[in-house]
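The values are calculated or read from the model by the stated rules, or taken from the named source; none is laboratory data. Note that the coordinates shown come from a computational prediction; the quantities given were computed from them, not determined experimentally. Every residue, glycine among them, receives a Cβ derived from its backbone with ideal geometry; neighbour counts consider all protein chains shown. The protein model used for the area step is the full one, side chains on, heavy atoms only, and it has no ligands, DNA or RNA in it. Shrake-Rupley method; radii C 1.70, N 1.55, O 1.52, S 1.80 Å.
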Amino acid sequence: MQLVSRVEIIISTLELREVIDILDSVRVTGYTLIENTSGKGKRGFCYNDLGREFSNSYISTFCTTQKQLGYLLGDILPILKRISGVCLITETNAVSSDQLSQNIDLAIAVMQEVKKVEIIIDTSYIEDTLKILESVSVSGYTIIKDTSGKGERGLSCPDIDCLFSSSYIMTVCTNEKQLDSLVQKITPSLKKIGGVCLVTDAKWVNH
């Protein structure tokens, strides 16, 4: 396996073409795109409903060298400053046929250490979960509704004949106190209805 930098970008869907052009220009090997996500950020709420003013898209990719990551951040930062959005960087291992082994230095001035929090919970409990996020004053969050998967209660999917439907929520905590408060408040819900809460060390781009 190879150590790489995973890059997750949440951006206005209107700017999606420009961001994809940047990814192509820095020659990332590929990316995953989820269009029209819901969430909340500096501009307020965004929805995946047709006719809403704001709609975001989620992009996940990875950089294999510090140079490639530097080019990507340099190109994406002006967009984030212009229209807002999120860019998260995490170190991870990728299975690759390439034998590159260069360590990636994430000590870039525009980045801040944070905790990335991922919550997978029954879709019917989204509103309760968002109230918890608001109570600990997270700066924003992204929601991908009606995901498919399997957990302790069995299969979940958005189909009518499935008993359960889950949703994915991603947010960021900027300090340990905020994280501890979030974990303390979300744990009773997870014990009651099931679900997952993952916490990962990450860096995000200040803009």
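Of the residues LEU155, LEU163, the single one that is in contact with a Gly (Cβ under 8 Å, 6 or more places away or on another chain), part of a strand (DSSP E or B) and at pLDDT below 90 is LEU155.
All conditions in (1) in contact with a Phe, Trp or Tyr (Cβ under 9 Å, 6 or more places away or on another chain); (2) in a loop (DSSP other than H, G, I, E, B) hold for MET170, with the sole exception of (2). The set of residues in the stretch 14-29 being open to solvent by 30 Å² or more (accessible area, probe 1.4 Å), in a loop (DSSP other than H, G, I, E, B) and of a type outside the set (D, E, K, R) consists of THR29 alone. Considering the stretch 52-75, and only residues there that are under 16 Å from the mean Cα position of the chain (by Cα) and surrounded by 16 or more Cβ atoms within 10 Å (Cβ to Cβ), the residue that is farthest from TYR141 (Cα to Cα) turns out to be PHE62.
For the stretch 171-207, filtered to residues that are more than 30 Å from ILE83 (Cα to Cα) and among the β-branched types (Val, Ile, Thr), the residue that is surrounded by the most Cβ atoms within 10 Å (Cβ to Cβ) is ILE186.
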